[in-house]
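Please treat every number below as a calculation from the coordinates, not as lab data. Everything numeric here is computed off the predicted structure, so don't read it as measured data. Here Cβ is always computed from backbone atoms with ideal geometry, including for glycine, and neighbour counts include all displayed protein chains.
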Amino acid sequence: MDLLVVGSGFFGLTIAERAAHAGRRVTVIDRRSHLGGNAYSEPDPETGIEVHRYGAHLFHTSNPQVWEYVNRFTAFTDYVHRVYTTHRGVVYPLPISLGTINQFFSAAHSPGEAAALIAEQAAEFDPKQARNLEERGIGLIGRPLYEAFIRDYTAKQWQTDPRELPAEVISRLPVRYSYDNRYFTDTWEGLPVDGYTAWLERMADHPNIDVRLKADFFDDAQPLNKAAVAGRVPVVYTGPVDRYFDYSEGALGWRTLDFEAEVVEVADFQGTAVMNYADLAVPYTRIHEFKHFHPERADRYPTDRTVIMREYSRFADTGPATDDEPYYPVNTPVDRERLLAYRKLAAAEPNVYFGGRLGTYQYLDMHMAIASALSMWSTRLAA
Ligand code: FAD
Ligand code: NA
């Protein structure tokens, strides 16, 4: 073995694929029973509908190198993502756009009129002086839109009153003064034609790549554990950076999600892939309905049943004893201090390369994880 990759998410698999292609023999270990990290999906056993087990994953990128690279492993559908939100029994398009504004105010404002109205409402606070998330939100889009679409949704995401959240949690609240409600504005967007898992498996499908599942890097009973490989083989580590150092600088804070999947006996539950719930009265933040991600599979999917998944958000328990999945970095000032300390430790760790979402304590979209891995490969590992 020339390289050990810890974690089979997009970061780890991109490194493994590049290294195998260059003639290195790579072993990839993952503690889970499947490869692919959080992008993993599988057919629901009852309906055959592809379900994203760790939350809905939409691929989008404006990076030509990444687009060329991912197309080696999968073709993409022409799916275009759109999101709606329910507020007080009425459905509005997101992100906040001219359609949202005119529907909310029962008006027919032109783009210029709407921008002037929002500027006037936002004058209540200067976002740069905001003392908390609420003041910043109002300073960016005005009180009426903030209270309808941001306040309660944010409170549910953080289980915290937005007046008690730091202003830094939001930097911008983009408003579109047009009726364009494409959720992403990247050059390329789509879903893998035969699913995420087929794509991820093709990346690992190389004679030089050996994937071992249910293999935890910190389990001494597992032969490729941290102590056993130390100094013997280069390691690309994509697990949590604080875990690697036994939480010596303190645990980093994460938010996690709880998912509740259900098969509903209707052809169509909500008419769209993702419906947000803006109000506190509804405990979940959103509902995914997976068949809408693949309208081109209509002839293969059942017409009398559908799979929905409710999503709930909360702070993760962190540290040694937790089973919570770390999803989004909380990034408080204390977290950032701890991260700096971990980065120093990581830089001093001989022959171990920290990457990916968990290894760098950074939210990364799939295209960013892949770009970052391609860059680590070519600048630090290829030579
Ligand atoms: P991961 O996919 O998390 O992979 C890390 C792997 O390391 C895991 O498989 C884990 O089991 C393994 N591991 C950890 N510790 C150990 C250990 N001790 N031993 C062995 N293995 C270990 N991106 C988009 O582009 N579009 C989206 O719509 C999108 N939606 C998302 C929704 C959610 C809820 C989340 C959390 C992420 C979303 N992403 C999305 C981001 C996408 O999931 C990431 O880009 C991708 O997961 C990053 O890959 P990664 O390899 O860094 O991490
Ligand atoms: Na303002």
- Tally Lys and Arg at +1 and Asp and Glu at -1 over the other residues with C-beta under 12 Å from the C-beta of Ala281: what net charge comes out? 0
- Task: With runs of 4+ DSSP H residues as the only contributors, calculate the mean residue ellipticity of the chain at 222 nm using -39,500 (n - 2.57) per run, divided by the residue total and rounded to the nearest 500.
- Result: -7500 deg cm²/dmol
- Hey, if you put +1 on the Cβ of every Lys and Arg and -1 on every Asp and Glu Cβ in the range 258-351, which of Ala321, Thr285, Pro295 ends up farthest toward the positive end of that dipole? Ala321
- Note on the structure: Helix 111-122: inclination vs the chain longest Cα principal axis, degrees, rounded to 10, gives 80
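Write down the Å³ per residue value for the convex hull defined by the alpha carbon atoms of the range 96-169.
Expressed per residue, the convex hull around the Cα atoms of the range 96-169 is 80 Å³.
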- Net charge near Glu17 (other residues with Cβ under 12 Å of its Cβ; Lys, Arg +1; Asp, Glu -1) is +2
- Run the dipole for the range 71-202 about the Cα centre, Lys and Arg Cβ at +1, Asp and Glu Cβ at -1, nothing else charged, and hand back the magnitude in debye, nearest 20. 80
- Under the Kirkwood approximation applied to all pairs of distinct alpha-carbon atoms, what is the hydrodynamic radius of the chain in Å? 22.7
- Query: From the backbone phi of the range 170-184, what are the Karplus-calculated ³J(HN,Hα) couplings (6.51 cos²θ - 1.76 cosθ + 1.60, θ = phi - 60°) in whole Hz, Gly and Pro given as x?
  - Reply: 10, 9, 9, 10, x, 10, 9, 8, 8, 8, 5, 10, 4, 5, 9
- Message: If neighbour count is taken as other Cβ atoms inside 10 Å, put Asp78, Asp210, Asp205, Asp30 in order from fewest to most.
- Response: Asp78, Asp205, Asp210, Asp30
- Using Cα atoms only, what is the angle between the long axis of helix 333-348 and the major principal axis of the chain, expressed in degrees (0 to 90) to the nearest 10? 20
- Query: Just Ala56, Ala321, Ala298 to compare: in a GNM of the chain, with alpha carbon springs under 10 Å, which one fluctuates most?
  - Reply: Ala321
- With +1 on each Lys and Arg Cβ and -1 on each Asp and Glu Cβ, how big is the dipole of the range 170-238 about its Cα centre, in debye rounded to the nearest 20? 260
- Note on the structure: Toy charge model, Lys and Arg Cβ at +1, Asp and Glu Cβ at -1: the chain dipole around Cα centroid in debye, rounded to 20, equals 1000
- Item | Sequence-distant residues sharing a close amide H with Val83 (under 5 Å, placed H) | Leu94, Tyr183
- Note, the range 89-104: 3J(HN,Hα) by Karplus (6.51, -1.76, 1.60, θ = phi - 60°), whole Hz, Gly/Pro = x, goes x, 10, 9, 10, x, 10, x, 4, 9, 4, x, 4, 5, 5, 5, 5
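Within the set of other residues whose C-beta is less than 13 Å from the C-beta of Pro93, count the net charge using Lys and Arg as +1 and Asp and Glu as -1.
That works out to +2.
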- Could you give the distance between the Cα centres of the range 1-62 and the range 169-203, to the whole Å? 19
- Query: So, by mean Cβ neighbours within 10 angstrom, what's the order for 136-143, 84-91 with the highest one leading?
  - Reply: 136-143, 84-91
- Message: I'd like to compare 341-347, 34-40: which one has the highest average count of other Cβ atoms within 10 Å, and what's the full order after that?
- Response: 34-40, 341-347
- Any lysines with Cα under 29 Å of the Lys226 Cα? List them, leaving off those in the same chain fewer than 8 positions away. Lys214, Lys344
- For His60, the residues 5 or more places away or on another chain with a placed amide H closer than 5 Å to its own amide H are His367
- Query: Going by how many other Cβ atoms sit within 10 Å of their own, how do Glu337, Glu68 line up, fewest first?
  - Reply: Glu68, Glu337
- Task: Check cross-link reach from Lys128 to the aspartates and glutamates: straight Cα distance under 19 Å, and skip same-chain residues fewer than eight apart.
- Result: Glu120, Glu164, Glu168
- Query: Each residue of the range 260-269 in turn: what ³J(HN,Hα) in whole Hz from Karplus with 6.51, -1.76, 1.60 and θ = phi - 60°, glycine and Pro shown as x?
  - Reply: 10, 8, 8, 8, 10, 8, 9, 5, 8, 7
- Can you bin the range 324-376 into rounded, prolate or oblate? Criterion: square roots of the alpha carbon gyration tensor eigenvalues sorted a ≥ b ≥ c, rounded for a/c under 1.5, prolate for a/b above b/c, oblate for the rest. oblate
